[in-house]
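A quick write-up on the structure given underneath.
The values are calculated or read from the model by the stated rules, or taken from the named source; none is laboratory data. Keep in mind the model is a prediction, meaning the values are calculated, not measured. Quick reminder, even Gly has a Cβ in these numbers, built from the backbone with ideal geometry, and neighbours come from all protein chains shown.
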Amino acid sequence: MSNLRRQILMVAFKLSDMLIMIGSFMAACIVVSYGLDTISLDQFLHMRIKIVNFVLFVSLLLLWHTIFSMFGLYRSRRLSPVKKEIKDIVKATSLGTFAIYILSILFHMEMVNPVFLISFWAGSTVITILTRLVMRYTINWVRRRGRNLRYLLIVGTNSRALQFAGDIESSPELGYVISGFVDEEWEGNGKLEKFGWKLLSDFKGFTEFIRNNVVDEVLIALPVKSSYQETSRIINACEKQGILVRHFSNIFGKKLANSKPEHCYCPKTNPWKAPLFPA
């Protein structure tokens, strides 16, 4: 998928979350209106929106978007298990509902009461989860047919890197194409030809390779103690090219700066834990 198409899809993704938030907010207001003796549903629907209320609602939308971004719901989740995404959605909608509660106290929003908060949280959470599940399985269906693919370059040729590459190739729903491997010459590289993979570059030629070839993501499978300098150079080069970088967390002794944890999941194996370097 081209960068333009990815950007369009991401915008549509964010707009859908905004529409869910607006719809859940309106539905919660309607539920609350049934319990108010001072206002009927018809009167509620014909209420004039004050400028202050409009500005406040737009602020809520921006806050909702910020919270969703904070929980990584707009990052690539190809390698994340469904349970992890659902857990993050529940956290995001819960924090967003709590934010609405705080604002209702500060701005004396009479409509926001316990019934409103429960209705809003339940509606936004359930609909968001269902929407994400539908989109996930739809995209998986598309990937199985050779669309929305991403080219993955693996740095390191140890046994775990080869096993992971094999798991990726046996899971077409993830939408990855193994471009090849980057490593220095050593006796273990002979296993690559056995599986039909190629050693495309060494560490010195890595930067030039990603400049002249299509690479969407890079997976680092190097031990940090013996390859720290090479790993740092690779990460810096990928950041300059806007390439997403992942690594196996238990290979590294500790997290590098600006890394964010993400579960790398492959249906053929157990989940792999891998911090994600956003580029």
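Numbers below:
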quantity: Residue list for the stretch 140-173, filter: surrounded by fewer than 21 Cβ atoms within 10 Å (Cβ to Cβ) and among the hydrophobic types (A, V, I, L, M, F, W, C); calculated: Trp141, Val142, Leu149, Leu162
quantity: Residues located in the stretch 190-201, provided they are without any contact (Cβ under 8 Å) to a residue 40 or more places away in the chain and in contact with a Phe, Trp or Tyr (Cβ under 8 Å, 6 or more places away or on another chain); calculated: Leu192, Trp197, Lys198, Ser201
quantity: In the stretch 114-139, residue surrounded by the fewest Cβ atoms within 10 Å (Cβ to Cβ) [restricted to those that are under 14 Å from Ala27 (Cβ atoms) and under 21 Å from the mean Cα position of the chain (by Cα)]; calculated: Val126
quantity: Residue within the stretch 70-83 that is touching a Ser or Thr at 6+ places or on another chain (Cβ under 6 Å), of a type outside the set (Asp, Glu) and either assigned to a loop (DSSP other than H, G, I, E, B) or farther than 15 Å from Thr128 by Cβ (or both) present; calculated: no
quantity: From Ser59, Ser40, Ser24, Ser16, residue being at pLDDT below 85 and within 24 Å of Ala122 (Cα to Cα); calculated: Ser40
quantity: Selection status of Arg246, surrounded by 16 or more Cβ atoms within 10 Å (Cβ to Cβ), modelled with pLDDT of 75 or more, closer than 30 Å to Arg145 by Cα and among the basic types (Lys, Arg); calculated: yes
quantity: So Ser179, is it assigned by TED's automatic domain parsing to the domain that holds Ile67, at pLDDT 90 or above and either at negative phi or surrounded by fewer than 16 Cβ atoms within 10 Å (Cβ to Cβ) (or both); calculated: no
quantity: Condition met for Met111 (assigned to a helix (DSSP H, G or I) and surrounded by fewer than 19 Cβ atoms within 10 Å (Cβ to Cβ)); calculated: no
quantity: Residues satisfying the stated conditions in the stretch 200-216, i.e. farther than 27 Å from Arg77 by Cα and surrounded by 13 or more Cβ atoms within 10 Å (Cβ to Cβ); calculated: Ser201, Asp202, Phe203
